[in-house]
Amino acid sequence: MAKKFLSGDEAFAEGIRLARPEVISAYPITPQTIVVEKLSEMVENKSLDSAFIHVESEHSALSCAMGASAAGVRAFTATSSQGLLYMVECLYYASGGRFPIVMMNANRSTALPWNIYGDQRDSLSQLDSGWIQAYAENAQESLDLALMSYYIAENEKVSTPFMVNLDGFILTHTYEEVDIPTQEQADTFLPKYETDNKLDLDAPKNMAFSAGPEHNYIFKYKEHIGMKNSVSVIQEAEKKFSENFGRNYSGLIDAYQTKDADYIIVTLGSIAGLCRETADKLRKKGIKAGVLRIRYMRPFPAKEIAESVKYAKAIAVLEKDISFGNEGAVFTNVNSALYTEQVSVLSYNFIGGLGGRNISESDIEHIYAEIQRGTKKVNFMGIEVAE
Amino acid sequence: MAITAKTLCKDEFFYGHKACAGCGGSLAVRNALKVLGKNAVAVLPAGCMSAVGFNFPQLCFANNAIISTFAGTASMLTGIEAGLRRRGITDFTAVGFAGDGGTADIGIQALSGAIDRNDNMIYICYDNEAYMNTGIQKSGLTPFGAKTTTTPAGENIRGNIRPKKNMFEIVAAHDIPYAATATVGYMTDFLNKVEKASKIKGTKYIHVIAPCPTGWGIPVSDTVEIAKEIVDCGLWYLAEYEKGVYHITYQPKELTSVSDYIRKQGRFRHLTDADIEMIINSRNQKWEKIRKEWA
Ligand SMILES: Cc1ncc(C[n+]2csc(CCOP(=O)(O)OP(=O)(O)O)c2C)c(N)n1
Ligand code: SF4
Ligand SMILES: [Mg+2]
């Protein structure tokens with residue numbers, strides 16, 4: 001293992017190099033661009049033996065990746081924001097075709113107004129697209145997810161595409177020290193991709209077909225079960241990862257001081273670090289604060305979330321998203337989990353960080369204060385609205 | 001050896017499908033696959049050919065075949081070609097069969113990208129001159145004057161007011177290794193072009209006229225005749241583009257009557273003699289250019 005000082009994008013590219021995709025097709029967009037540049041460099045200097053395809057759009061990027069996956073090889077693409085939205089048709093196609101493609105998405109605001117900075121509205125708008133969705137917190141986790149994502153997606157019981165989300169700029173462009181496994185180590189962890197779901201000259205197949213009302217629902221049900229099956233495969237992957245690399249991950253959620261917490265912030269991605277620091281400070285003042293970071297939005301950890309917050313007095317769902325006319329999508333998902341798991345806890349929504357707006361420590365302190373006091377159901381951080 | 005009706009492979013690769021009687025598109029796909037053989041890996045976007053051929057559990061291709069997104073014929077071919085190559089497989093032909101809409105409209109970007117990269121594939125556009133699968137709407141390859149459900153012929157407008165996009169020359173302008181035009185009416189010409197394309201490395205494009213009795217308003221028994229006549233009357237031409245040079249592969253001694261061709265088809269029923277005169281004029285201009293530059 002070697003240590004290097006890398007940005008989230010660079011760390012992810014290192015992870016992809018170690019995963020050895022046979023085909024890479026991607027189109028540049030800030031703040032993802034560094035990933036495609038790095039991978040191109042790796043192909044050039046032969047540290048990565050891959051076909052790098054200069055597609056002319058994101059729709060083609062994912063369509064090409066599906067072609068490669070249908071040909072039976074490991075495929076990678078990466079995008080962000082407008083690019084993700086541009087390829088939406090292919091997202092559903094890839095999951096329906098059970099193509100275990102891995103895609104990195106640099107979480108970025110969506111136009112209009114144009115904005116290149118980070119929020120999570122791009123990927124959260126695609127919760128129903130049939131992709132596993134993981135949200136990384138730091139550069140090391142990004143690299144590790146690059147490796148684990150293929151392990152999980154390609155498991156034949158899962159066979160589901162995998163989107164790894166990195167907060168735009170805050171994670172994609174921030175440098176940290178990262179452990180990079182050797183190729184040998186990576187190869188022991190991640191086997192070569194083998195599948196029957198491929199074109200085969202000896203036993204020709206018709207793939208990506210139509211299925212009418214009498215069969216369609218069976219395919220959709222199986223797709224759902226494939227995604228559900230990923231839960232145990234995520235555990236298996238993390239166990240094997242820990243044995244190989246000595247780094248531990250905690251499955252669908254990452255709970256911090258939640259066991260005895262009265263007040264918990266539930267959130268995604270890189271903001272969790274600041275939430276934990278703030279929680280530590282509050283604990284010194286005698287306030288039992290905790291943080292629950294959702295690592296996977298799909299499959300959704302309903303039970304795990306309900307279990308972690310059931311003794312709390314109140315929770316705040318802090319998210320960089322809004323479903324217009326309703327509330328944040330994470331909030332809706334969390335509330336639904338609480339209701340179905342019959343956990344009764346006060347829950348509040350804090351919508352912040354849109355278009356890359358900074359979320360400061362005092363903002364987080366404010367959230368903890370507000371949920372102790374009781375506040376509006378849905379709060380737009382930084383905007384005071386009369387009730 | 002040149003392909004003739006006698007030498008054409010007897011095996012079938014596209015059968016049991018639900019295309020209408022007399023469908024020109026299914027004829028093009030069926031026979032092209034006979035030329036390319038069992039190792040053809042076919043990509044078909046949304047459109048009539050995928051709609052009639054891939055209804056689970058009635059799957060109609062004996063070779064490997066896959067439906068792509070409507071816009072994604074070429075990009076999916078690129079991925080398949082790269083993927084199979086990475087698996088060490090070399091004895092296959094990646095071939096796309098896309099409609100006129102899937103080619104000249106929604107799929108033109110992906111096609112342009114593939115040609116730009118010179119990805120190794122044959123892209124066959126079966127041109128029935130409208131979006132047939134959705135019920136005969138105008139595409140970029142619908143000819144001037146044709147009535148479709150989105151270009152109705154009424155008091156004010158007599159069908160489609162724009163000429164066909166010139167896909168053959170658009171593709172050639174990319175400096176593609178090989179491009180050709182064809183028609184299912186002159187089947188051996190088409191199939192020999194497919195055969196020729198299969199021997200060339202890089203991107204190949206073949207644009208084949210494939211009449212649709214349903215959309216054109218012709219008897220189902222007339223597909224082949226009308227597909228000959230479109231060439232004979234000069235509204236379509238058989239040509240190739242290779243190594244930067246255009247040349248015509250069939251020189252009709254004398255162009256037959258445009259009016260006869262038009263008057264046989266329901267989609268043109270509303271056209272006036274003056275409309276047909278305009279069509280003849282533009283044909284003549286095109287042929288003047290062809291004779292001068294492509295001879
Ligand atoms: C993105 C997208 N837009 C629209 C459609 C609907 N659609 C399916 S087939 C088709 C028309 C296809 O026309 P063409 O490519 O000419 O093929 P044809 O049906 O005539 O053989 C349309 C509009 C679709 N499947 N996908
Ligand atoms: S509508 Fe036309 S193109 Fe479609 S299957 Fe019928 S004849 Fe063929
Ligand atoms: Mg058509």
*For the stretch A:110-169, what are the residues that are at positive phi and in contact with a strand residue (DSSP E or B) (Cβ under 7 Å, 6 or more places away or on another chain)?*
none
*Mind checking which residues of the stretch B:20-37 are within 16 Å of ligand 3 (Cβ to nearest atom), more than 14 Å from chain A (Cβ to nearest Cβ) and under 17 Å from the mean Cα position of the chain (by Cα)?*
B:GLY22, B:CYS23, B:GLY24, B:GLY25, B:SER26, B:LEU27, B:ALA28
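Residues checked against (1) under 17 Å from B:GLU81 (Cα atoms); (2) away from chain B (no Cβ under 14 Å); (3) part of a helix (DSSP H, G or I):
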{"residue": "A:PHE12", "(1), (2), (3)": "no, yes, yes"}
{"residue": "A:PRO31", "(1), (2), (3)": "no, yes, no"}
{"residue": "A:SER60", "(1), (2), (3)": "yes, no, yes"}
{"residue": "A:ALA65", "(1), (2), (3)": "yes, no, yes"}
{"residue": "A:SER69", "(1), (2), (3)": "yes, no, yes"}
{"residue": "A:VAL73", "(1), (2), (3)": "yes, no, no"}
_Cβ-Cβ distance below 6 Å, separation of 6 or more or different chains: which pairs start in the stretch A:147-173 with a residue that is surrounded by fewer than 23 Cβ atoms within 10 Å (Cβ to Cβ) and end on one that is part of a strand (DSSP E or B)?_
A:HIS173/A:SER7
*Filter the stretch A:78-91 for residues that are among the small types (Gly, Ala, Ser) and in a helix (DSSP H, G or I) and give the result.*
A:SER81, A:GLY83
*Condition check for B:ASN118: more than 18 Å from the chain's Cα centre (by Cα) and within 7 Å of another protein chain (Cβ to nearest Cβ)*: no
*Tally time: how many residues in the stretch A:84-93 are without any contact (Cβ under 8 Å) to a residue 60 or more places away in the chain and more than 15 Å from A:ASP119 (Cβ to Cβ)?*
6
*Name, by its number, the condition in (1) outside any loop (DSSP other than H, G, I, E, B); (2) acidic (Asp, Glu); (3) within 22 Å of B:GLY113 (Cα to Cα) that does not hold for A:GLU56.*
(1)
*Among residues of the stretch B:113-159, those that are away from ligand 1 (no atom under 16 Å from the Cβ) and either over 30 Å from A:TYR27 (Cβ atoms) or small (Gly, Ala, Ser) (or both), counted*: 12
*Tell me which residues, restricted to the stretch B:113-143, are closer than 24 Å to B:GLY83 by Cβ and within 16 Å of ligand 2 (Cβ to nearest atom).*
B:ILE124, B:CYS125
*Does the stretch B:188-204 contain any residue that is buried (at least 24 other Cβ atoms within 10 Å of the Cβ) and within 16 Å of ligand 1 (Cβ to nearest atom)?*
no
_For the stretch A:347-369, which positions are over 19 Å from A:TRP114 (Cα atoms) and outside any strand (DSSP E or B)?_
A:ILE359, A:SER360, A:GLU361, A:SER362, A:ASP363, A:ILE364, A:GLU365, A:HIS366, A:ILE367, A:TYR368, A:ALA369
*Wholly enclosed helices (runs of 4 or more DSSP H) of the stretch A:92-190 bearing at least 1 residues farther than 22 Å from A:LEU48 by Cα*: A:121-124
*For B:ALA42: the one exception among (1) over 20 Å from B:LEU77 (Cβ atoms); (2) at pLDDT 95 or above*: (1)
*Could you please find all residues in the stretch B:91-111 being near ligand 1 (Cβ under 8 Å from one of its atoms) and within 18 Å of B:ALA32 (Cα to Cα)?*
B:ALA98, B:GLY99, B:ASP100, B:THR103
*Complete set of residues in the stretch B:38-82 that are free of Cβ contacts under 8 Å to residues at least 40 places away in the same chain, away from ligand 3 (no atom under 16 Å from the Cβ) and part of a helix (DSSP H, G or I)*: B:SER75, B:MET76, B:GLY79, B:ILE80, B:ALA82
_For the stretch B:62-74, check the following and say yes or no: at least one residue is away from chain A (no Cβ under 11 Å), farther than 20 Å from A:LYS205 by Cβ and either of a type outside the set (A, V, I, L, M) or surrounded by fewer than 24 Cβ atoms within 10 Å (Cβ to Cβ) (or both)._
no
*Evaluation of B:ALA114 against (1) surrounded by 24 or more Cβ atoms within 10 Å (Cβ to Cβ); (2) within 16 Å of ligand 3 (Cβ to nearest atom) (one fails), failing number*: (2)
_Filtered residue count, the stretch B:38-50, keeping only those that are over 17 Å from the mean Cα position of the chain (by Cα) and at the interface with another protein chain (Cβ under 9 Å from one of its Cβ atoms)_ = 3
*Kindly indicate whether any position in the stretch A:191-206 is within 14 Å of another protein chain (Cβ to nearest Cβ), out of contact with any Lys or Arg (no Cβ under 7 Å at 6 or more places or on another chain) and of a type in the set (S, T, N, Q).*
yes
*asked:* If a residue must be without any contact (Cβ under 8 Å) to a residue 12 or more places away in the chain and not in a helix (DSSP H, G or I), how many such residues does the stretch A:33-53 contain?
replied: 2
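The values are calculated or read from the model by the stated rules, or taken from the named source; none is laboratory data. Just so you know, these numbers come straight off a predicted model, no measurement behind them. Because the Cβ atoms are built from the backbone with ideal geometry, glycine has one as well, and the counts that use them run over all protein chains shown.
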